[in-house]
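Trainee: Pasting a structure below so you can have a look.
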Amino acid sequence: MSERRAYLDVGAGETRGVVTLDGRPERLLIARDGEVASQALGAVVIGRVRKLERQLALAFVELGEGPEGVLDLRPEMGRITEGQALRVEIRAEARGEKGAQLRLVGEAEGAPRVEQPAPTIEAELAALTRRPVKTGADARAMADAAEAEALESEFQLPGGGSIAVERTRALVAVDVDVGERAGGDAKRATRAANLAALGAAARVLRLKGEGGLVVIDLAGRGHDGPALLAAARTAFGPDNPGVAFGPISRFGTLELTIPRRRRSVAERLLDADGRPTSMTLALRLVRAIEREAEADPGARIVAAAAPDVAGAATPYLRALTDRFGARLQLAADPALDREAFEVTAG
């Protein structure tokens, strides 16, 4: 039977939560200081209808801060007018140029504002695992490992083979490679690889926070469709409600849709070119400084980073100075690569 555990890492400027499945990271939840509360998944917001598109059955709702949300209009909602105040819940976070998806809670009064904040990461972890949440050094290590794995594109399968996961503009592609699996029966090895790939793909997509249209290019041909679909429904069950499957095509692909409720890990941590943002690198730098300061309590800790990274890290370094004193120093070094910061104890 599968076992899930929860880890909570609270650091300067960022809180990260991890759920593991049989010891492997399955979910990574991230909340950073200064994020717009009215855009967070699960928040209840008083919004104001800016525009109605009745032909599309859509209402565009101002949420106070950040991009406006989109509400699907239904007949049972009654009459909704432009300028009207509504109480709405964030059901899916904004992504790129797409506004947050909203659920109507009821009518309201007053200016746009957050009425009920989104659940905390600790509360979400408790709901997902119903077990005590681990903190401390183990949680920091697990969060670092989950973050690194979430940004990878290739994942090994138990028993041999691998899957490659790539997001395109339209969909998420998962390619299954049998590799060199033990045993001489190629058909049996291919079937085992496909079954393992479905479980791995479900875990990895949850870890990455990816969804929408997913196309899995299965290995081999002549697939046992009912068996593979049953395995897929089990593997992607935790993503319900809202998961839908198509039949396995004659080309050996399985298509499914997974609701996209959060911004993906890549959208949070990387820029448009796929590189870590200055804030992502700054928070990694701050964690490295904190780790060095804890390991050597009496030493002076000297760090250097590219100017944009050092600038983004400076506000959070002040919080560490309150804990460790004035022995922490950070310098901006234009000669350093953005991802190659230095931290030494002296």
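Trainee: Take Gly78 and decide whether it is within 27 Å of Glu267 (Cα to Cα) and small (Gly, Ala, Ser). Outline the logic, then answer.
Mentor: On the way: within 27 Å of Glu267 (Cα to Cα): no; small (Gly, Ala, Ser): yes.
Taking the combined requirement at face value, the residue does not satisfy it.
Trainee: Okay, moving on. Might you let me know whether the range 260-278 holds any residue that is touching a strand residue (DSSP E or B) at 6+ places or on another chain (Cβ under 9 Å), in a helix (DSSP H, G or I), free of Cβ contacts under 8 Å to residues at least 60 places away in the same chain and among the polar types (S, T, N, Q)? Break it down stepwise before answering.
Mentor: Kept after step one, since they are touching a strand residue (DSSP E or B) at 6+ places or on another chain (Cβ under 9 Å), are these residues of the range 260-278: 260-270, 276-277.
Among the residues that remain, those that are also in a helix (DSSP H, G or I) are: 265-269.
If we keep only those that are free of Cβ contacts under 8 Å to residues at least 60 places away in the same chain as well, we get none.
Looking for residues that are touching a strand residue (DSSP E or B) at 6+ places or on another chain (Cβ under 9 Å), in a helix (DSSP H, G or I), free of Cβ contacts under 8 Å to residues at least 60 places away in the same chain and among the polar types (S, T, N, Q), one finds none in the range 260-278, hence no.
Trainee: Still on this structure: From Val172, Val178, grab the single residue that is among the β-branched types (Val, Ile, Thr) and more than 20 Å from the chain's Cα centre (by Cα).
Mentor: Val178
Trainee: Limited to the range 95-111, what total is found for residues that are open to solvent by 40 Å² or more (accessible area, probe 1.4 Å), in a loop (DSSP other than H, G, I, E, B) and closer than 14 Å to Gly66 by Cβ?
Mentor: 2
Trainee: For the range 304-346, which residues satisfy the criterion of being among the polar types (S, T, N, Q) and touching an Asp or Glu at 6+ places or on another chain (Cβ under 8 Å)? Lay out the reasoning, then the answer.
Mentor: Taking the range 304-346 as the starting set, the residues that turn out to be among the polar types (S, T, N, Q) are 314, 321, 329, 344.
Selection gives Thr344 alone.
Trainee: Still on this structure, please answer the following. If I ask for residues that are at pLDDT 95 or above and touching a Lys or Arg at 6+ places or on another chain (Cβ under 6 Å), which ones from the range 107-144 would you list?
Mentor: Selection gives Ala108, Pro112, Ala143.
Trainee: Now, a different point. Just to verify a result, which residue in the range 240-283, among those that are small (Gly, Ala, Ser) and within 30 Å of Gly220 (Cα to Cα), is least open to solvent (accessible area, probe 1.4 Å)? Working first, answer last.
Mentor: Initially, the range 240-283 is screened for residues small (Gly, Ala, Ser), giving 242, 244, 246, 249, 252, 264, 266, 272, 274, 278, 282.
Then drop every residue that is not within 30 Å of Gly220 (Cα to Cα), which leaves 242, 244, 246, 249, 252.
Values: Gly242: 52, Ala244: 50, Gly246: 22, Ser249: 42, Gly252: 3 Å².
Among them, the one singled out is Gly252.
Trainee: Which members of the range 308-341 meet the condition of being in contact (Cβ under 8 Å) with a residue 40 or more places away in the chain and part of a strand (DSSP E or B)?
Mentor: The one that is in contact (Cβ under 8 Å) with a residue 40 or more places away in the chain and part of a strand (DSSP E or B): Leu330.
Trainee: Can you tell me which residues in the range 9-22 are open to solvent by 50 Å² or more (accessible area, probe 1.4 Å) and more than 25 Å from Phe324 (Cα to Cα)? Lay out the reasoning, then the answer.
Mentor: Within the range 9-22, the subset open to solvent by 50 Å² or more (accessible area, probe 1.4 Å) is 10, 22.
Once the filter is applied, which keeps residues that are open to solvent by 50 Å² or more (accessible area, probe 1.4 Å) and more than 25 Å from Phe324 (Cα to Cα), the range 9-22 yields only Asp22.
Trainee: All but one of (1) crowded, with 18+ Cβ neighbours inside 10 Å; (2) over 16 Å from Glu255 (Cβ atoms); (3) modelled with pLDDT of 95 or more; (4) hydrophobic (A, V, I, L, M, F, W, C) hold for Ala189, so report the exception by its number.
Mentor: (3)
Trainee: Within the range 112-153, restricting attention to residues that are acidic (Asp, Glu) and open to solvent by 60 Å² or more (accessible area, probe 1.4 Å), which residue is farthest from the chain's Cα centre (by Cα)? Can you show your working first?
Mentor: Of all residues in the range 112-153, those acidic (Asp, Glu) come to 115, 122, 124, 138, 144, 147, 149, 152.
This time we only want the ones that are open to solvent by 60 Å² or more (accessible area, probe 1.4 Å), so: 115, 122, 138, 152.
Details: Glu115: 25, Glu122: 15, Asp138: 20, Glu152: 13 Å.
Ranking the candidates gives Glu115 first.
Trainee: Follow-up. Filter the range 62-94 down to the residues that are under 14 Å from Glu109 (Cα atoms) and among the β-branched types (Val, Ile, Thr), then identify the one that is surrounded by the fewest Cβ atoms within 10 Å (Cβ to Cβ). Explain how you work it out, then say what you get.
Mentor: If we filter the range 62-94 for residues that are under 14 Å from Glu109 (Cα atoms), which is where we start, we get 62-64, 80-88.
If we keep only those that are among the β-branched types (Val, Ile, Thr) too, we end up with 80-81, 88.
Values: Ile80: 16, Thr81: 8, Val88: 26.
Among those residues, the one meeting the criterion is Thr81.
Trainee: Consider only pairs whose beta carbons are under 8 Å apart and that are at least six residues apart or on different chains; among these, list those whose first residue lies in the range 109-122 and is touching a residue at least 60 places away in the same chain (Cβ under 8 Å) and basic (Lys, Arg) and whose second residue is surrounded by 13 or more Cβ atoms within 10 Å (Cβ to Cβ) and part of a strand (DSSP E or B).
Mentor: Between residues of the range 109-122 that are touching a residue at least 60 places away in the same chain (Cβ under 8 Å) and basic (Lys, Arg) and residues that are surrounded by 13 or more Cβ atoms within 10 Å (Cβ to Cβ) and part of a strand (DSSP E or B), the close pairs are Arg113/Val45; Arg113/Ile46.
Trainee: Can you name the condition, by its number, that Gly199 falls short on among (1) in contact with a Ser or Thr (Cβ under 9 Å, 6 or more places away or on another chain); (2) assigned to a strand (DSSP E or B); (3) within 20 Å of Phe245 (Cβ to Cβ); (4) not charged (D, E, K, R)?
Mentor: (2)
Trainee: Okay, next question. Check Ala231, Ala219, Ala227, Ala197 and return the single one that is buried (at least 18 other Cβ atoms within 10 Å of the Cβ) and out of contact with any helix residue (DSSP H, G or I) (no Cβ under 6 Å at 6 or more places or on another chain).
Mentor: Values: Ala231 fails: out of contact with any helix residue (DSSP H, G or I) (no Cβ under 6 Å at 6 or more places or on another chain); Ala219 fails: out of contact with any helix residue (DSSP H, G or I) (no Cβ under 6 Å at 6 or more places or on another chain); Ala227 fails: buried (at least 18 other Cβ atoms within 10 Å of the Cβ).
Just a single option satisfies the conditions, and that option is Ala197.
Trainee: Which pairs turn up if I take residues in the range 19-34 that are closer than 15 Å to Ser264 by Cβ and look for partners that are among the basic types (Lys, Arg) and not in a strand (DSSP E or B) with beta carbon separation below 7 Å, at least 6 apart in sequence or on another chain?
Mentor: The qualifying pairs are Glu26/Arg203; Glu26/Arg206; Arg27/Arg206; Ile30/Arg268.
Trainee: Can you find a residue in the range 284-307 that is in a loop (DSSP other than H, G, I, E, B), open to solvent by less than 20 Å² (accessible area, probe 1.4 Å) and either out of contact with any Leu (no Cβ under 7 Å at 6 or more places or on another chain) or closer than 30 Å to Asn194 by Cα (or both)? Reasoning before the result, please.
Mentor: Filtering the range 284-307 down to residues in a loop (DSSP other than H, G, I, E, B) leaves 296-300, 306.
Of the ones still in play, those that are also open to solvent by less than 20 Å² (accessible area, probe 1.4 Å) are 299, 306.
Now narrow it down to the ones that are either out of contact with any Leu (no Cβ under 7 Å at 6 or more places or on another chain) or closer than 30 Å to Asn194 by Cα (or both): 299.
Yes, the conditions are met somewhere in the range 284-307.
The values are calculated or read from the model by the stated rules, or taken from the named source; none is laboratory data. Quick caveat: nothing in here was measured; it's all calculated off a predicted structure. Neighbour counts are summed over all protein chains in view; Cβ atoms, including those assigned to glycine, are modelled from backbone coordinates with ideal geometry. Side chains included, ligands, DNA and RNA excluded: accessible areas come from the protein's heavy atoms. Shrake-Rupley method; radii C 1.70, N 1.55, O 1.52, S 1.80 Å.
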